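Below: the structure, in structure tokens.
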Amino acid sequence: MLSRLDQRSGGQSPIPAVRTRNSVMRTSRRAIVAFVLGAGALAAPALAFDGAPVNQKDATIPVVTTLPGAAGAVRSKVPPATQETSLSALQYAAEGGHPIAQWKLGRMYANGDGVAQDDVRAFEYFSRIANAHAEDSPSAPQAQIVANAFVALGRYYLSGIPNSKIKPDQDRAREMFSYAASYFGNADAQYDLARLYLKTPDASREDFRYGARWLGLAAQKGQHEAQALLGQMLFNGDRLPRQAARGLMWLTLARDSAGAEETWIKESYNRAFAKASDDDRAMCLQMLEQWVQGRRE
């Protein structure tokens, strides 16, 4: 089936967080509160904002280094016998072609969760999902898993797997992301695809517009890394018309959703907030309120 995917830009991707309208609104309300409180919470280093389009540190942000949902997963202690039974059951189901079992095993091997870490085995399980389900309907129950499997494969192709036949192949990674982004509408894939287009040093104007479009789609769906990058670009006027208030809005939303390890997002927000004028901050707050109301203007 991967041969067919070659013709259709197929691949596999990790499961993205599913956010309902209500969850987005709850998150956004927290963002507004955080924004209001943020005025008095800035540390002194955040004041050293130079207004550059994107600072050197931000320019080297990796596309992705982990599978979606992998960071911050809470692992409870399970007796060895129970682990073995669960693993056997998953393997049995995976061999029977169940995509959820294949996905879970792929994640386990990718993260070394309950098994020895093995990226090749993880890649194989993600590939099985892609081979069997690439043409499933985007509304099918397993569509999210299939899309995330494409993303997982794309990320493996970006860096390759040491001591294996999986070598770095940016074109192949782009195919994986493109398929998941366009066919399944996966927000993580849209962000990864945008990064590939935007980070190319000699990107054409058409490539940039293509990347910016995917970035905007991912941000609108609540992908916080996309929101942060789009916020940076708009606030700094980096290859886009400068819109400081809107950029600060995206950075505020991103900061509220960022994990503890995603310091680049929080630092970007702090720099922008310190640089923003009172008018920019006031307009940003209005935009956040509109976002909560569902208008997303």
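The values are calculated or read from the model by the stated rules, or taken from the named source; none is laboratory data. These numbers come from a predicted model, not from an experiment. All Cβ positions, glycine included, derive from the backbone under ideal geometry; neighbour counts span all protein chains shown.
List of remarks:
- Against the test of being surrounded by fewer than 23 Cβ atoms within 10 Å (Cβ to Cβ) and touching a helix residue (DSSP H, G or I) at 6+ places or on another chain (Cβ under 7 Å), the options Asp188, Asp202, Asp207, Asp171 yield a single qualifying residue, Asp207.
- Against the numbered list (1) at pLDDT 95 or above; (2) touching an Asp or Glu at 6+ places or on another chain (Cβ under 9 Å), Leu198 comes up short only at (1).
- Listing of helices (runs of 4 or more DSSP H) fully contained in the range 104-220 that carry 2 or more residues being within 30 Å of Pro241 (Cβ to Cβ): 170-182, 187-199, 205-220
- Residue that is of a type in the set (Lys, Arg) and farther than 24 Å from Ala180 by Cβ, where the choices are Arg213, Arg205, Arg209: Arg205
For (1) touching a Phe, Trp or Tyr at 6+ places or on another chain (Cβ under 8 Å); (2) in a helix (DSSP H, G or I); (3) under 25 Å from Gly294 (Cα atoms), each residue gets a yes or a no:
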residue	(1), (2), (3)
Arg242	yes, no, yes
Leu248	yes, yes, yes
Arg255	yes, yes, yes
Ala260	no, no, no
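- Considering (1) surrounded by fewer than 24 Cβ atoms within 10 Å (Cβ to Cβ); (2) aromatic (Phe, Trp, Tyr); (3) within 10 Å of the chain's Cα centre (by Cα), the lone condition that Tyr197 does not fulfil carries the number (3).
- Being at negative phi and crowded, with 17+ Cβ neighbours inside 10 Å holds for only one residue in Gln117, Gln102, and it is Gln102.
- Scanning the range 274-288 for residues that are under 24 Å from the mean Cα position of the chain (by Cα) and modelled with pLDDT under 95 returns Met287, Leu288.
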